[in-house]
1. Quick check on my filter: what residues within region 86-112 are out of contact with any strand residue (DSSP E or B) (no Cβ under 8 Å at 6 or more places or on another chain) and within 24 Å of Val196 (Cα to Cα)?
2. In region 194-206, which residues are outside any strand (DSSP E or B) and of a type outside the set (Gly, Ala, Ser)?
3. Residue by residue through region 87-126, note down the ones that are in contact (Cβ under 8 Å) with a residue 12 or more places away in the chain, aliphatic (A, V, I, L, M) and open to solvent by 20 Å² or more (accessible area, probe 1.4 Å).
4. List pairs: first residue in region 1-16 and open to solvent by 50 Å² or more (accessible area, probe 1.4 Å), second residue of a type outside the set (Asp, Glu) and near the ligand (Cβ under 7 Å from one of its atoms) anywhere in the structure, Cβ distance under 9 angstrom, at least six positions apart or on different chains.
5. Can you name the residue in region 17-67 that is in a loop (DSSP other than H, G, I, E, B) and among the small types (Gly, Ala, Ser) and is also surrounded by the most Cβ atoms within 10 Å (Cβ to Cβ) among such residues?
6. Restricting to region 174-193, name every residue that is crowded, with 20+ Cβ neighbours inside 10 Å and either outside any helix (DSSP H, G or I) or of a type in the set (Asp, Glu) (or both).
7. Report, by residue number, each residue of region 64-82 that is among the acidic types (Asp, Glu) and either touching a residue at least 12 places away in the same chain (Cβ under 8 Å) or touching a strand residue (DSSP E or B) at 6+ places or on another chain (Cβ under 9 Å) (or both).
Amino acid sequence: MRTLQIGVLGSGSGSNMQSILDAIVAGALNANVACVISDVPGARILDRARKHQVPGLYLDPAPFKTKLDGVAEQRVIETLRAHGVDTVVLAGFMRMVKPGLLRAFPNRVLNIHPALLPAFPGMHAWAQALDHGAKVAGCTVHFVDEGMDTGPIIVQRAVPVLFGDTPATLHARIQVQEHQAYPEALQLLAEGRLRVEGRRVHVLPA
Ligand code: GRF
């Protein structure tokens, strides 16, 4: 089994990155978080990283507002390489990644999305599920391709939508499952148990 060298990209609170660090400390995930990069100065994810002695770096995403492209993308790729990263983990990264990053880390960019894809891609997926009257919601860990939340699915976990749920209560219930699902998917990758065939990811037996 190899030790994954993870680079995390995130824009917000970083609770998923925290769950990855916790799983490593608990011995449940064979990985090292080599660096954390944020497009938001002062994002909480950077504080969390530094508390664990992980380099937490702000990289200016200008001139783009909604994507990681051009010189900003180049800077991110160079920084990830300089830290020896082989696996890129998007954890609440609020930008579309472009082919340059995907080519630099082929089949090694993962994302977590707060819905049972292919339902409810895009922003505020838990609120979309609630508005739609869905009875089941959840989260999806998937490989990233050029689309918006469209890449091959690795792990999904479901939660019920309860009477009286608000967007906040449903998101909180989904996040509990996210914090299990992301380390689980990464451990499968570390164990070399994921085979991608077209849209399908086969999980090989242990
Ligand atoms: C999560 O709900 C994740 O599914 C979505 O963004 C949120 C990030 O939360 N992509 P956190 O920053 O990991 O707490």
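The values are calculated or read from the model by the stated rules, or taken from the named source; none is laboratory data. Model, not experiment: these values are computed from the prediction. We place every Cβ from the backbone using ideal geometry, glycine too, and count neighbours over all the protein chains shown. These accessible areas exclude ligands, DNA and RNA; they are computed on the full protein's heavy atoms, side chains included. Shrake-Rupley method; radii C 1.70, N 1.55, O 1.52, S 1.80 Å.
1. If the condition is that a residue be out of contact with any strand residue (DSSP E or B) (no Cβ under 8 Å at 6 or more places or on another chain) and within 24 Å of Val196 (Cα to Cα), then Pro99, Gly100, Arg103, Ala104, Pro106 are the ones that fit.
2. Answer for region 194-206, where residues must be outside any strand (DSSP E or B) and of a type outside the set (Gly, Ala, Ser): Arg199, Leu204, Pro205.
3. Met94, Met96, Leu102, Ala104, Leu116, Ala119
4. Ser13/Ile45; Ser13/Gly92
5. Ala43
6. Hit for region 174-193 is Glu178, nothing else.
7. Asp69, Glu73
For every residue, the table says whether it meets (1) closer than 25 Å to His202 by Cβ; (2) buried (at least 19 other Cβ atoms within 10 Å of the Cβ); (3) in contact with a strand residue (DSSP E or B) (Cβ under 9 Å, 6 or more places away or on another chain).
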| residue | (1), (2), (3) |
| --- | --- |
| Gly84 | no, no, yes |
| His142 | yes, yes, yes |
| Glu146 | yes, no, yes |
| Pro152 | yes, no, yes |
